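Just below is one structure, and these are the notes that go with it.
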Amino acid sequence: MIAVRNLAHHYEGSQALSLAQWEAAAGSRWLVIGPSGCGKTTLLHILAGLVRPTGGEVSVFHTDICSLKGKAVDAWRGANVGIVLQALHLVAHLSVRDNLRLAQYLARAPQRDADITEALAALGVADKAARRPHELSQGEQQRVAIARAVVNGPKLLLADEPTASLDDAAAARAVKLLMTVAERRKATLVVATHDSRVKQHFSNTLQL
Amino acid sequence: MNLASLSAGYLRARPLQTALSLLLLALGAGTIVTLLLVVGQIEGRMGRDARGIDLVVGAKGSPMQLILSGIYHADAPTGNIPLATVQLLQKNRLIKKAIPLALGDGWKGYRIVGAGKEYPEHYGAKLSAGRLHEKSMEAVLGYEVAARTGVGVGGRFTGAHGIGGDGAEHGAMAYTVVGVLKQNGSVLDRLVLTSIESVWQVHEEEQGPQDAQDRKAMEEDRQVTVILVQYASPLAAAMLPRQINSQSELQAGSPAYETARLFRIVGVGVEALRAFAAVLMLAAGLSVFIALYTALEERRYDLAVMRTLGASPARLFGLLLAEGLVLALAGALLGLALGHGLAMALGAWLEAQQQYPVSGLVFRAEEIWVVAVALGVGLVASLVPAWRAYRTDVSRTLAQG
């Protein structure tokens, strides 16, 4: 589970995020909404241990991630968190399979081909394993990005504006994919978006 | 996937910049290796040829020419000196060995050297076939001479006046090959050995029919070209050269001094090449630096994504460092191959010129240092890009797009 208390973060003096209290149960699916600049992305980065908040307490699965130092927080992130970014940022010169293998390598997880194939198959892109990202359609690239985020079996799946540049049908499909994957992997899903089309799919909403 | 394959992948993704860096590294390392091989082998070979020879006595002229012609058989002789000098030197108690040589003729570009058995013995030569020359007009071929002319024991040939091998032939007088030497690694490999008497005979025959009186006059007039001298005591070094040089017809040259002088002259060229190689290595380092540094901009998302996948800043630092090192190692190995290839090509060319043989298949311990220097260049060049990668602000980079 995730527990946040008195969280505050400043970027060079200006308030970027303020959140008094928030709790999310393990396996729940959350939508974080709010206007641009309200700190949605910052919250995700804090939950992932990419940013150390200037104040407050953050506990993710009973780990006080603010107290993790140096490499420990990176190792924790590699083992526990999967992140899907708005701009998918697949590594251009690596094949789809190697993009997933990169995730295994960097998380120091065993480099098992079976895990990669399984993750790709769950998202319906197993046949694209040998392709380069630029040979794929936008939708396929997003599936690969989601597969890369979940290949190490994270307990927490974060998605930052996963539907921002998609049409209605594609946006619905993307959200469904995330939900399905999170459910299958029993992962907690937190999606940050300003896209109101996504709202209907989530029962838990955090308004920033 | 590992650090090496990941960094190699990034290098392959920028083929032009990678190729440029590799080329500069390979040229720099290759030049150094070529110099090491060629200079090392020639110095070694020249040292071996001059081993045990403390002084060369010959006709007046340039002392360097005397050494080059008397020991290395690479220049024209300075002239001849009276035979009596040999007996005089052999009686001198400061002298352990005095080996007279009669030069002046050649065969197919190889020099015919009139000398006693003590000359091949001095170099520890061994026969691979036949025997050493005993009678007049018998000849023994050095290893390379036999190998390249295809002439063996029992073959006959006529020498030509002059060392180039294109002078007037001594047609009437033919040598018979009675022996072939094993490869010796010294100047002997490129020589045709015969007795001093044979050389005299060939030249006396040239004068045409002679009566007994003429013949006697000629015999009194017999000369040798150089005398290779080995000292009996260190005292000789202080006394002999001055003694000999004071005689109007003679000069003494010290191989150690003259070869050192030669290397000082040639050394300027070698130093210039070395400096050139250093500049190439520097340019290579700069190229590696620029390649990695400029790529950082387009790679910042990759680096940020790697952080989200669990990489610590130290691993990004290591990745960039590994790219510099992989590049440097590949460049250094290419350079080694290039250096050995160049030395081989140069060796083939020198061999065709019947000059000092140089091999590209010899390895020297110093080559390890060339690799080490290249790795050092790669390391230094990638430090700043690696530091930038280490400092990647993931959150801010991702927030930008």
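The values are calculated or read from the model by the stated rules, or taken from the named source; none is laboratory data. It should be emphasised that the depicted structure is a prediction, and the values quoted were computed from it without experimental measurement. Cβ coordinates were reconstructed from backbone atoms using ideal geometry, including for glycine residues, and neighbour counts include every protein chain displayed.
On the given criteria, is A:THR63 in contact with a helix residue (DSSP H, G or I) (Cβ under 7 Å, 6 or more places away or on another chain), within 15 Å of A:GLN207 (Cα to Cα) and polar (S, T, N, Q)? So that I can check it myself, show each step before the final result.
Numbers: in contact with a helix residue (DSSP H, G or I) (Cβ under 7 Å, 6 or more places away or on another chain): yes; within 15 Å of A:GLN207 (Cα to Cα): no; polar (S, T, N, Q): yes.
No; evaluated as a whole, the condition is false for this residue.
What number of residues within the range B:283-298 are among the aliphatic types (A, V, I, L, M) and either crowded, with 19+ Cβ neighbours inside 10 Å or not assigned by TED's automatic domain parsing to the domain that holds B:GLY331 (or both)? Can you show your working first?
So the first thing to find is which residues in the range B:283-298 are among the aliphatic types (A, V, I, L, M), and the list is B:283-284, B:286, B:288, B:290-292, B:295-296.
Going one step further and asking which of them are either crowded, with 19+ Cβ neighbours inside 10 Å or not assigned by TED's automatic domain parsing to the domain that holds B:GLY331 (or both), we end up with B:284, B:288, B:291-292, B:295.
Total satisfying the criteria: 5.
Could you identify the single residue in A:LEU44, A:LEU31 that is of a type in the set (A, V, I, L, M) and facing another protein chain (nearest Cβ under 10 Å)?
Working: A:LEU31 fails: facing another protein chain (nearest Cβ under 10 Å).
None of the other options fit; the residue is A:LEU44.
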Fill in: Members of the range B:288-326 that are among the aliphatic types (A, V, I, L, M), more than 38 Å from the chain's Cα centre (by Cα), in a helix (DSSP H, G or I) and within 14 Å of chain A (Cβ to nearest Cβ)
B:ALA295, B:LEU303, B:ALA304, B:VAL305, B:MET306, B:ALA314, B:LEU316, B:LEU319
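So is B:ARG51 over 23 Å from B:LEU375 (Cβ atoms) and surrounded by fewer than 21 Cβ atoms within 10 Å (Cβ to Cβ) or not?
Details: over 23 Å from B:LEU375 (Cβ atoms): yes; surrounded by fewer than 21 Cβ atoms within 10 Å (Cβ to Cβ): yes.
The answer is yes for B:ARG51.
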Worksheet item: Looking at this structure, is B:ARG261 within 26 Å of the chain's Cα centre (by Cα), over 24 Å from B:ALA115 (Cα atoms) and surrounded by 13 or more Cβ atoms within 10 Å (Cβ to Cβ)?
Response: yes
Worksheet, complete the sentence: Every listed condition ((1) surrounded by 19 or more Cβ atoms within 10 Å (Cβ to Cβ); (2) in contact with a Gly (Cβ under 8 Å, 6 or more places away or on another chain); (3) more than 10 Å from every other protein chain (Cβ to nearest Cβ)) holds for B:LEU329 save (1)
Discussion item. Show the residue pairs meeting these rules: Cβ distance below 7 Å; 6+ apart or different chains; first residue within the range B:387-401 and free of Cβ contacts under 8 Å to residues at least 40 places away in the same chain; second residue assigned to a helix (DSSP H, G or I).
Written reply: B:SER395/A:HIS45; B:ALA399/A:THR41
Worksheet item: Pick from A:HIS89, A:HIS45, A:HIS93: which is crowded, with 22+ Cβ neighbours inside 10 Å and not in a helix (DSSP H, G or I)?
Response: A:HIS89
Worksheet, complete the sentence: For the range A:145-160 the number of residues that are more than 11 Å from chain B (Cβ to nearest Cβ) and assigned to a loop (DSSP other than H, G, I, E, B) is 2
Worksheet item: Looking at the range B:240-250, which of its residues are buried (at least 20 other Cβ atoms within 10 Å of the Cβ) and within 18 Å of B:THR225 (Cα to Cα)?
Response: B:PRO241, B:ILE244
Response to the item:
Conditions (1) on the phi > 0 side of the Ramachandran plot; (2) in contact with a helix residue (DSSP H, G or I) (Cβ under 9 Å, 6 or more places away or on another chain) -> B:GLY70 fails only (1)
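What helices (runs of 4 or more DSSP H) completely inside the range B:77-176 contain at least 1 residues that are under 28 Å from the mean Cα position of the chain (by Cα) and in contact (Cβ under 8 Å) with a residue 40 or more places away in the chain? I'd like the intermediate steps shown before the answer.
Details: elements: B:84-91, B:118-122, B:143-149.
In the range B:77-176, B:118-122, B:143-149 are the helices (runs of 4 or more DSSP H) which contain 1 or more residues that are under 28 Å from the mean Cα position of the chain (by Cα) and in contact (Cβ under 8 Å) with a residue 40 or more places away in the chain.
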Practice prompt. Sort out which residues of the range A:123-138 are surrounded by 14 or more Cβ atoms within 10 Å (Cβ to Cβ) and more than 17 Å from the chain's Cα centre (by Cα), and write them in order of number.
Written response: A:VAL125, A:ALA126, A:LYS128, A:ALA129, A:ARG131, A:ARG132, A:PRO133, A:LEU136
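Based on this model, can you work out whether A:LEU94 counts as in contact (Cβ under 8 Å) with a residue 12 or more places away in the chain and within 9 Å of chain B (Cβ to nearest Cβ)? Talk me through it step by step, then tell me what you get.
Details: in contact (Cβ under 8 Å) with a residue 12 or more places away in the chain: yes; within 9 Å of chain B (Cβ to nearest Cβ): yes.
Yes.
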Practice prompt. Kindly provide the set of residues from the range B:131-143 that are modelled with pLDDT under 90 and surrounded by 15 or more Cβ atoms within 10 Å (Cβ to Cβ), ordered by number.
Written response: B:SER136
Response to the item:
Looking across the range B:2-19 at residues that are surrounded by 16 or more Cβ atoms within 10 Å (Cβ to Cβ) and not in a helix (DSSP H, G or I), the single one that is nearest to the other protein chains (Cβ to nearest Cβ) is B:ALA13
